[in-house]
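Undergrad: Next up is a structure, given as structure tokens.
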Amino acid sequence: MTALVLEMRRLAAVRLDRAWLAVAAILLALALLAPAQATESLRFTIEALIGVAPWLALSVGVAAYAAASGADNLIGRAFQGRQAPMILTAALFGGLSPFCSCGVIPLIAALLAMGVPLAPVMAFWLASPVMDPAMFALTTGALGFEFALAKALAAVGLGLMGGFGVMALSRGGWLADPLRPGVGDGGCGGAKVRNPRPPVWAFWREDARVEKFRREALKSALFLGKWLTLAFLLESLMLAYVPAEAVAGLVGGEGLAPIALATLAGVPAYLNGYAAIPLVSGLIEQGMAPGAGLAFMVAGGVSSIPAAVAVWALARREVFALYLGFAFAGSLLAGVLFQLAQ
């Protein structure tokens, strides 16, 4: 039996997680309480998944290629040299790296424990969860290239704001010890920085890397599939039961208030970057201001509750406060600028 078949069985056994259970619970409740809506929601979800399938395939391919080729090892280069160029490089790498807001935590712990200045680390920390190549492809498919580009620029801009802001604050000796006592070096996360290896772009020449590509493609497909299924299902309910005029009244129209409200709502209401894409698409169709949609996605990606808990456990309180402050201010600014550009 091949390793891929074993991996499929292992993944199938553990994928009955909260996302799939939520999908099953919602469909069961609809079948009992609103059979007609259950059929409509199921149809909507299937058609939406078929519509996004080309972008999903592209996303899976990009993520698997990055893992198989070892492209993530390039991250170590972002933290070498003088501090200002480090901040710029870290923000750019953060906007392109395939790390989520929680997955980046071990790497951050490694960087800080190894003595890398907080400023470039903060730049990477803030930019990384907002956008990656796979998310860019899915965002383009659901919300258009302009929105995806704006989100990528917001990721880099947020990283630059946080990095240079921390650098200015650190000049007086403040923030010299950002980690909580007893935090380790990040384990395997630090290996990518301590011992960076050159990527193997033509990974198909090595059987082990081809096998890794297959495993990562399957893993990504299952991960994205479950969240997109849940998100499209929730979108169908939102379109059915949430009046468009209510959405437009809260987060639509002109001015700063809708964008600020969306920025604040991004923290508790966020699922993850992939699940947010169809939800925001549905909200914009109902009247949500595009700038508010961008602010919601950027703020939620950086400071969702799971990520915030992880940061709280890792960093001292003043670093945690800066992290949230830069996340809110940068998301709000990104939303305002995008709205002005419409």
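None of the figures in this text is laboratory data; all of them are computed from the coordinates on show. What you are looking at is a predicted structure, and each value in this text was computed from that prediction instead of being measured. Heads up, the Cβs are rebuilt from the backbone with ideal geometry, glycines too, and the neighbour counts pull from every protein chain shown.
Undergrad: Once R0 is set to 22 Å, what does the formula 1/(1 + (r/R0)^6) return for the Cβ-Cβ distance between residue 31 and residue 285, expressed as a FRET efficiency to the nearest 0.05?
TA: 0.25
Undergrad: Let me ask something else about it. For residue 315, list long-range residues whose amide hydrogen, built 1.01 Å from N in the peptide plane, is under 5 Å from its own amide hydrogen.
TA: When sequence neighbours closer than 5 places are left aside, the close amide H contacts are 180.
Undergrad: Between residue 46 and residue 177, what length comes free when the chain is fully extended (0.36 nm per residue of separation minus the Cα-Cα distance, one decimal in nm)?
TA: Taking 0.36 nm per residue and subtracting the Cα distance, the gain is 42.1 nm.
Undergrad: Express in nm, to one decimal, how much length is gained between residue 206 and residue 316 on full extension, taking 0.36 nm for each residue of separation and deducting their alpha carbon distance.
TA: Once the chain is fully extended between residue 206 and residue 316, it gains 35.2 nm.
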